[in-house]
Structures are given as C-alpha cells and as structure tokens.
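Notes for the one structure printed next.
We did not get these values from a lab; they are worked out from the coordinates using the rules stated. This structure is a prediction, so every number in the text was calculated from the model and none was measured. Cβ placement follows ideal geometry from the backbone for every residue including glycine, while neighbour counts extend to all protein chains displayed.
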Amino acid sequence: MAFLLRLRGQSGRFYGGDVTYSSPRGVATGTPLVNGASQIGSTLNTKGWTTGVTGILLAGDYIAYDVSSGLRQLHMVVVDANSDGSGLSTLTIEPPIRESPAANETVIIASPTCVMALSSDDQAAWDIDTAKHHGLSFSAIEQVTL
C-alpha cells in the first residue's frame with residue numbers, strides 16, 4: 001500500500017510489466033542491441049545475438065529498450081525470430097515503435113518493463129478476508145510521454 005500511496009495517484013511513475021513473465025521462451029542468448037537508429041514501425045532490427053539460432057525469441061516473448069525521452073518502451077514479439085550467421089535478427093513487434101531507440105541501445109529481454117502510471121487518481125482497492133488473506137488490485141497504463 002505504501003508504494004501505491006507514494007505514487008500520489010496518476011502523478012507518480014514506476015517500472016512495470018507483465019508480472020507473469022520473467023524470461024523469454026526463446027533461446028535468447030547473446031547480448032542483444034538495437035541495430036541502427038531511426039527505426040519506426042512494427043519491426044526492430046537487432047544485433048548481438050548468438051549466431052545462427054532458430055527461435056532466438058518466440059511469439060509472446062517481451063522486449064524493452066530505453067529511449068532518449070527518458071521513457072522505456074515495452075513490446076511483445078508477435079512472430080518467432082531467428083538469428084542469422086552474423087547474430088542479426090529482425091523482430092516483429094507490437095505495439096509499433098513510438099520513439100526510435102538509439103543505435104546500440106540494449107535490448108532488455110529478462111523481466112522487461114516500461115514506465116507506467118496509475119490509470120486513475122482513485123486509491124487502489126485492497127481487502128483482508130476472514131482467513132487474513134490480503135488482496136490488492138490497481139490499474140496502470142504505459143506512459144508514452146513525460
């Protein structure tokens with residue numbers, strides 16, 4: 001509760017993502033980086049993967065990267081991806097890139113997150129049942145601008 005109260009409604013920011021996801025289902029080996037600047041759309045060119053791997057990332061895996069605005073973008077890979085003999089891979093992602101990452105920006109594959117805020121100023125709902133089980137729920141949205 002203290003974490004949520006400290007956010008002061010929609011004004012606070014935090015890193016969040018899919019809490020059920022911690023690591024890719026694909027092979028995901030190497031040190032992935034963004035391959036080239038000025039990328040837009042629903043594909044991201046990457047490099048630094050282990051060479052020649054089928055299923056380097058699989059549909060449903062998440063990636064994230066930081067951008068110059070101070071935000072972090074989170075995407076889901078929607079088509080299985082392979083790495084070529086040079087360790088390059090083009091990832092098909094959703095949602096589309098909103099702000100292009102810099103060339104050589106790190107591609108985050110373990111527990112990726114994005115910058116989020118509570119979706120309303122209402123306090124989070126929490127309860128304690130008779131068995132003393134605690135429950136907490138809140139709604140958050142990705143921040144696309146600061």
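From the Cα gyration tensor of the range 1-79, with a ≥ b ≥ c the square roots of its eigenvalues, which class applies: rounded if a/c is under 1.5, or else prolate if a/b is larger than b/c, or else oblate? Since a/c reaches 1.5 and a/b is larger than b/c, the shape of the range 1-79 is classed as prolate. Simple spin-label estimate for residue 21 and residue 144 gives 1.8 nm between the two label positions (7 Å along the Cα-to-Cβ direction from each Cα).
Along the chain, counting only trypsin sites (Lys or Arg not before Pro) with a DSSP assignment other than H, G, I, E or B and at most 14 other Cβ atoms inside a 10 Å radius, the longest segment between sites is 26-97.
Annotation: the range 25-116 has a Kirkwood hydrodynamic radius of 12.7 angstrom, from the mean reciprocal C-alpha pair distance. The gain in end-to-end length when the residue 14 to residue 102 segment is fully stretched comes to 29.5 nm, 0.36 nm per residue minus the alpha carbon separation. Helical content alone sets the calculated 222 nm signal of the chain at -500 deg cm²/dmol, taking -39,500 (n - 2.57) per DSSP H segment of four or more residues and averaging over every residue. Across the chain, the relative contact order, built from alpha-carbon pairs under 8 Å that are at least six residues apart, equals 29 percent.
Spacing of the modelled spin labels on residue 86 and residue 111, each 7 Å from Cα toward Cβ, amounts to 3.5 nm.
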